[in-house]
Structures are given as C-alpha cells and as structure tokens.
Amino acid sequence: MGSRLLPLVLATAALVTGAAGLDGSATWLVLLAVPAAAAPAFLAAGDALEGKPAVLRAVSSGVALALVVLASAARENAPTGGAASPIAAWALVLALFAYGVPLVAWVLEPVRVPRDRPQRRLRPAEVDELLSRAA
C-alpha cells in the first residue's frame, strides 16, 4: 500500500530546500516525490473503481500527483544557475493542501454511533407464514 506521508514529506522538504536556495537538492527531492506520489494516487483510484469509499482520497491524491509533476517540470526547466520558477513553489504548496483535504474532511465528518440492536428470531409459525406468502 502506498503511503501518503512519504510524498508529503518529500514535497515539504523540496519546498523548504527551494526556499533556502538549494535548488539542486530541491529538484532531486521533487523528482523523488513523483513516484512516491504516484503510488498512493493509483492505489486510491483502484480502490475507488472497486467501489470502496475512496473517491475523495483518489481525487486529492490525483490532484497532488499532477501538482508534483508540474513542480518537477518547472524546476527541471529552470535555467542553469538561475532560480526556479515561482510555479514550482506554488505547485508544491497546492499539493500540500491537496494532501490535507482528506484530513479536513475526516475531522469535519459527523460521528456515527453504531446501534447494536439484537435481531429477533422468528418463531416457526412466522417462518411458515413467510414461506407460504412467498410461494
């Protein structure tokens, strides 16, 4: 199973190292974040296609993956010795927000209280009546 924490950590590290002026290491960190972001995105999409309740996770992971790829492309196309485009930093910031959307939805989700209601067993006369109605 893909961890959503690894691409989050790599994107945060890339954002911090890019802000610190270490563009070379930020480029490598963003490049490493691409496959790390792809794994949970593909797994969540597969879970959503199977009918599991993972649509929000699939959408947010897919959006984050697209933003990490955009940031990687923007950093890679920066001129040698020059600063990276601001698009790279903004894409990483938006990817971090996209990774936080399921957490916010989880916090805002109403609490469901399970009701354990014992099921009443049918008497033999009731079973016979139900079977005669069905026939």
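Of the residues Ala98, Ala44, the single one that is surrounded by 15 or more Cβ atoms within 10 Å (Cβ to Cβ), within 18 Å of Leu8 (Cα to Cα), free of Cβ contacts under 8 Å to residues at least 60 places away in the same chain and touching a Lys or Arg at 6+ places or on another chain (Cβ under 9 Å) is Ala44.
Between Val68, Val93, Val63, which is surrounded by 11 or more Cβ atoms within 10 Å (Cβ to Cβ) and over 17 Å from Ala26 (Cα atoms)? Just one listed residue meets the conditions, Val63. Only residues that are of a type in the set (D, E, K, R) and either touching a helix residue (DSSP H, G or I) at 6+ places or on another chain (Cβ under 9 Å) or within 30 Å of Val63 (Cβ to Cβ) (or both) were counted in region 98-125, giving 2.
Quick check on region 89-119: of everything there that is over 25 Å from the mean Cα position of the chain (by Cα) and of a type outside the set (A, V, I, L, M, F, W, C), which residue is nearest to Pro7 (Cα to Cα)?
Let us first name the residues in region 89-119 that are over 25 Å from the mean Cα position of the chain (by Cα), namely 113-119.
Narrowing the set further to residues that are of a type outside the set (A, V, I, L, M, F, W, C) leaves 114-119.
Values: Pro114: 35, Arg115: 38, Asp116: 40, Arg117: 43, Pro118: 45, Gln119: 46 Å.
Restricting to residues being over 25 Å from the mean Cα position of the chain (by Cα) and of a type outside the set (A, V, I, L, M, F, W, C), the top hit is Pro114.
For region 78-88, indicate whether the set of residues that are in contact (Cβ under 8 Å) with a residue 60 or more places away in the chain, surrounded by fewer than 16 Cβ atoms within 10 Å (Cβ to Cβ), over 17 Å from the mean Cα position of the chain (by Cα) and within 25 Å of Ala19 (Cα to Cα) is non-empty. Scanning region 78-88 turns up at least one residue that is in contact (Cβ under 8 Å) with a residue 60 or more places away in the chain, surrounded by fewer than 16 Cβ atoms within 10 Å (Cβ to Cβ), over 17 Å from the mean Cα position of the chain (by Cα) and within 25 Å of Ala19 (Cα to Cα).
Just one residue in the set Ala84, Ala58 is hydrophobic (A, V, I, L, M, F, W, C), in contact with a helix residue (DSSP H, G or I) (Cβ under 6 Å, 6 or more places away or on another chain) and at pLDDT below 90; that residue is Ala84.
Can you find a residue that is touching a Lys or Arg at 6+ places or on another chain (Cβ under 6 Å), of a type in the set (A, V, I, L, M) and buried (at least 17 other Cβ atoms within 10 Å of the Cβ) anywhere in region 8-28? Outline the logic, then answer.
Let us first name the residues in region 8-28 that are touching a Lys or Arg at 6+ places or on another chain (Cβ under 6 Å), namely 27.
The next check asks that each one be of a type in the set (A, V, I, L, M); those that pass are none.
No.
The values are calculated or read from the model by the stated rules, or taken from the named source; none is laboratory data. Being a predicted model, the structure only gives us computed values, none of them experimental. Counting neighbours? That spans all protein chains shown, and the Cβs are built from the backbone with ideal geometry, glycine included.
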